[in-house]
Each structure stands twice: as structure tokens, then as C-alpha cells.
Amino acid sequence: MFDRPEDGLTEKQIAGVVERVKQEVKLGRSVVMATDNRALLETCDRLVVMQYGRIIDQGPAELVRDRISTGWSRFIGARQLDTEENLTRWIHSHFRRGPEEANKRRVTTVATDMLTYSCKTADPGWPGLITFSFKHFEGHCVLRMEDQDAPITSAQFERARQAAKESTISKDILPLASIFQSSIEVEKSSHFDHRVLEVKIKTFDPRRVKAGAKDGAKPNP
């Protein structure tokens, strides 16, 4: 086991550590490393991503790298309401370009509604896991939720869509209807018979807002 073996080392020394790791693997040994050094990460066959001391993603290294290289980030947590704090931190970690409080609030609201919606039907004795995926696009972001429930039916989906237009919403459909109200677009699908819900949420780039303000334009977050 290596805990940040790159600390205090030169690039040449890190290359030596990489070779040592490869030799250990050839001898049939398992090597566990806590590191964010790219050269060392490339020697791994599985990756575990941590945030504030908690695991938020894991899997075969190639799949995790491919996901990151295409701009996607993934969060895996227990399917229970206590996951909200870590989910919120994960959402906030994607908005660091200056004053992005409006983006944080908007996306966090949708994410917590999705978590609440999922937890309504979770088994208290064995809640399982919930997975969120996130990606930035120009003018919006995409947030995807997946849990172990059966896919959403067309009737449930349409009922929530219509309820979102009403002034009062019944409690049984409230979380899903709230997601419709806070999103540009909502889509349902399935993945290996798991329930998948994907939404588009409006966002803004504070760098463009600043540029517009200099030209006399008013920001519209």
C-alpha cells in the first residue's frame, strides 16, 4: 500500500516508483495507492474516486478515464436521504468559475428532488445505491439519476408533467413534478431494467456575464 508516493519526489523518482509498481504486479502482488499523480494512476487497473473522505465513483480504470475524458463525472451513494450532504458537495464541486451561487442552487435543488424521489420507494432494510452523472454544456448542464427501481411508466411521467403546471401538487407526485418545474427538459429511460431519469438544467457562465457587463449588457442568470 502506498499513500501519495509522489509527494516530495522528482519526475525521475516517480518514474522509478512506476517501474516498481509494475514489477510488484508481475510478481502477482496487489498494489493499492492513494494518489492523484497521472503517471501512477495510469498503472492502475481499477480506480476509486473520493471526495471529502467518501467514495463517489469506482470501476475499471479504462471506463473511469473514458468517462472523465468526455466531460462526465459520476457520483455513487447510498439510496437514502442522508446522502444529500455529499451529493450537494459533489454538485458544488462542478461550479468553481467565480460567482456561481445561482448555478449551485438551481442544480442542487434538482439533484435533491431526484434523491427524494428515488428514496420514496427505497427498501429501508436494503436501500441499495443511487448513481448520478453530470456534464457541462453551453447554457445548461445534464444531470442523470439511476437507481434499482423499475423504469418510470409513461402514465407516471405524464401525470407529473401535468402536475408541474398546477398551482397545487399532491404529495405522492410532488418530487417528480418539482423536477419538471426546475428543469428545461426531463427524459425517462432504463438501463439494465433500472430506472433512469435525465434532466437538462439552465446554467450560466460567469465569465460571459462579466464580459457582457463590460459591454453594457445586464446579466441574466
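Every read-out reported here was derived from the displayed coordinates using simple, explicitly stated rules and does not represent laboratory data. This is a predicted model, so every value here is computed, not measured. We place every Cβ from the backbone using ideal geometry, glycine too, and count neighbours over all the protein chains shown.
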(request) Select one label from [x] 1.06; [y] 0.93; [z] 1.30: the one whose number is Rg/Rh (Cα atoms, Kirkwood Rh) as derived from the coordinates shown. (result) [x]
(request) Pick out, in residue order, every one of the GluC sites (Glu not before Pro) in region 41-110 that is DSSP loop and has at most 12 other C-beta atoms within 10 Å; say none if there are none. (result) GLU42
(message) Beyond a 24 Å Cα-Cα separation, which of these cross-linked pairs lie in this structure: LYS135/LYS202; LYS165/LYS188; LYS171/LYS202; LYS120/LYS165; LYS12/LYS135; LYS120/LYS188?
(response) LYS171/LYS202; LYS12/LYS135
(request) Please report, in debye to the nearest 20, how large the charge dipole of the chain is about its Cα centre when each Lys and Arg carries +1 at its beta carbon and each Asp and Glu carries -1 there. (result) 680
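Could you calculate the contour length gain from THR168 to ARG20, that is, 0.36 nm times the residue separation minus the distance between their Cα atoms, to one decimal place in nm? Don't jump to the answer; show the numbers that get you there.
Working: separation 148, 0.36 × 148 = 53.28 nm, distance 6.41 nm.
Using 0.36 nm per residue and subtracting the Cα-Cα distance, I get 46.9 nm.
If exposed trypsin sites (Lys or Arg not before Pro) are those in a DSSP loop with at most 14 other Cβ within 10 Å, what is the longest stretch of the chain that has none? Don't skip to the end; give the middle numbers.
On the way: sites that count: ARG29, ARG96, ARG97, LYS120, LYS165.
The answer is 30-95.
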(request) Report, by chain and number, residues whose modeled amide H sits under 5 Å from the one on GLY128, excluding near sequence neighbours (fewer than 5 apart, same chain). (result) ARG79
(request) Could you list the residues of region 88-103 with an amide nitrogen less than 11 Å from a label point located 7 Å from the Cα of ARG207 in the Cα-to-C-beta direction? (result) 97-98
(request) Report the full-extension gain for the segment ASP3 to ASP82: residue separation times 0.36 nm, less the Cα-Cα distance, to one decimal in nm. (result) 25.5 nm
